[in-house]
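Below: the structure, in structure tokens.
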Amino acid sequence: MNGFTGFEDVWAARLGGLRNVVRQHVIATQLGEHLGSARTALDVGCGQGTQAIALARRGLAVTGIDPAPDLLDRLRADAREQNVQVRALQGDLAGLAEVIGGERFDLVCAHGLLMYLDEAYAGLEALAARATPGGLVSFTVRNGDALAYRPGIRGEFGAALAAFESVDYRNELGVDAHAHRRADVEKWCSATGLDIVGWYGVRVLTDGVTSSAAPDDVDLPACLAAEVEAGRRDPYRALGSMLHFVARAAR
């Protein structure tokens with residue numbers, strides 16, 4: 001079950017905010033370090049298609065899948081405006097076979113999906129099954145090792161104390177979701193035959209800003225550069241709001 005369904009309009013209204021701009025830029029930069037000779041990509045839960053379009057601009061043949069028709073319409077419109085092609089299909093992880101049959105891809109992405117699934121490990125298995133031998137799987141989880149960090153740096157200490165006790169949370173869209181710890185994700189990858197080739201923090205330095213913060217509120221080039229560095233360096237990356245994993249399927 002995907003708990004995000006029904007909150008797409010709230011998500012779309014915040015796409016231009018600083019938090020989302022940082023998230024999208026950092027993930028695209030991190031993933032770009034691993035693309036190698038990948039030629040085809042599947043983006044499950046692609047939403048409005050920021051990452052799908054970025055991959056298409058790099059020359060990959062991209063298929064984006066999402067259950068929300070309004071977000072897919074925005075993806076198609078933005079792709080046309082940027083003069084790239086993305087195959088945008090309505091569907092979800094559980095129904096991939098109905099949408100794309102048995103297709104497999106050099107790169108499989110899920111950058112905002114696993115935290116909304118009741119069974120994240122099973123979701124990762126389904127994603128890995130869509131990768132070609134030696135292909136990449138790129139995915140994010142909400143960082144269960146640092147769930148208290150955001151409320152803590154905002155001075156919301158009661159919420160920070162509660163976050164130490166559970167990996168279940170309600171995000172700023174109002175959606176109930178699940179965080180996951182890095183050690184658990186590493187076990188999932190091992191059990192699924194995925195070899196982690198890189199892991200990163202996402203939104204380390206700006207996770208305390210509110211959803212109303214705009215890109216113009218900061219020195220954006222410096223902000224993005226600092227977030228990229230924090231996301232790849234210890235000890236900072238372990239404090240990211242999300243963790244981004246890039247893993248390789250068995251050949």
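The values are calculated or read from the model by the stated rules, or taken from the named source; none is laboratory data. Note that the structure is predicted; figures quoted are calculated from it, not measured. Note that we place each Cβ from the backbone using ideal geometry, even for glycine, and neighbour counts take in every protein chain shown. Keep in mind that these areas ignore ligands, DNA and RNA; they rest on the heavy atoms of the full protein, side chains included. Shrake-Rupley method; radii C 1.70, N 1.55, O 1.52, S 1.80 Å.
List of remarks:
- Criterion applied to GLU33, GLU103, GLU119, GLU125 was being open to solvent by 10 Å² or more (accessible area, probe 1.4 Å), under 27 Å from SER241 (Cα atoms) and touching a Ser or Thr at 6+ places or on another chain (Cβ under 9 Å), and the one residue passing it is GLU125.
- Criterion (in contact with a Leu (Cβ under 6 Å, 6 or more places away or on another chain), within 19 Å of LEU113 (Cβ to Cβ) and aliphatic (A, V, I, L, M)) met by exactly one of ALA52, ALA41: ALA41
- Scope region 57-86; condition on the phi > 0 side of the Ramachandran plot and not polar (S, T, N, Q); matching residues: GLY59
- Members of region 82-128 that are without any contact (Cβ under 8 Å) to a residue 12 or more places away in the chain and within 12 Å of THR63 (Cβ to Cβ): GLY101
- Which numbered condition TYR169 misses (of (1) part of a strand (DSSP E or B); (2) under 30 Å from LEU35 (Cα atoms)): (2)
- Just one of the listed residues (ASP234, ASP207) is surrounded by fewer than 16 Cβ atoms within 10 Å (Cβ to Cβ) and part of a loop (DSSP other than H, G, I, E, B), namely ASP234.
- Qualifying residue in region 242-249 (condition: over 19 Å from the mean Cα position of the chain (by Cα) and not small (Gly, Ala, Ser)): no
- Considering (1) touching a residue at least 40 places away in the same chain (Cβ under 8 Å); (2) open to solvent by 70 Å² or more (accessible area, probe 1.4 Å), the lone condition that LEU71 does not fulfil carries the number (2).
- Condition met for ILE27 (modelled with pLDDT of 95 or more, open to solvent by less than 30 Å² (accessible area, probe 1.4 Å), among the hydrophobic types (A, V, I, L, M, F, W, C) and part of a helix (DSSP H, G or I)): yes
- Residues of region 170-183 that turn out to be open to solvent by less than 50 Å² (accessible area, probe 1.4 Å) and either modelled with pLDDT of 95 or more or charged (D, E, K, R) (or both), as a count: 3
Quick grid of which residues meet (1) within 15 Å of the chain's Cα centre (by Cα); (2) closer than 18 Å to GLU125 by Cβ:
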| site | (1), (2) |
| --- | --- |
| TYR149 | no, no |
| PHE157 | no, no |
| PHE164 | no, no |
| VAL167 | no, no |
| HIS178 | yes, yes |
| TYR200 | yes, no |
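- Count - residues of region 92-108 that are under 22 Å from GLN24 (Cα atoms) and either among the aliphatic types (A, V, I, L, M) or touching a helix residue (DSSP H, G or I) at 6+ places or on another chain (Cβ under 6 Å) (or both): 3
- Tally, over region 140-162, of residues that are open to solvent by 20 Å² or more (accessible area, probe 1.4 Å) and more than 23 Å from ILE196 (Cα to Cα): 12
- Screening region 212-226 for residues that are assigned to a loop (DSSP other than H, G, I, E, B) and touching a helix residue (DSSP H, G or I) at 6+ places or on another chain (Cβ under 7 Å) and picking the one that is most open to solvent (accessible area, probe 1.4 Å) gives VAL218.
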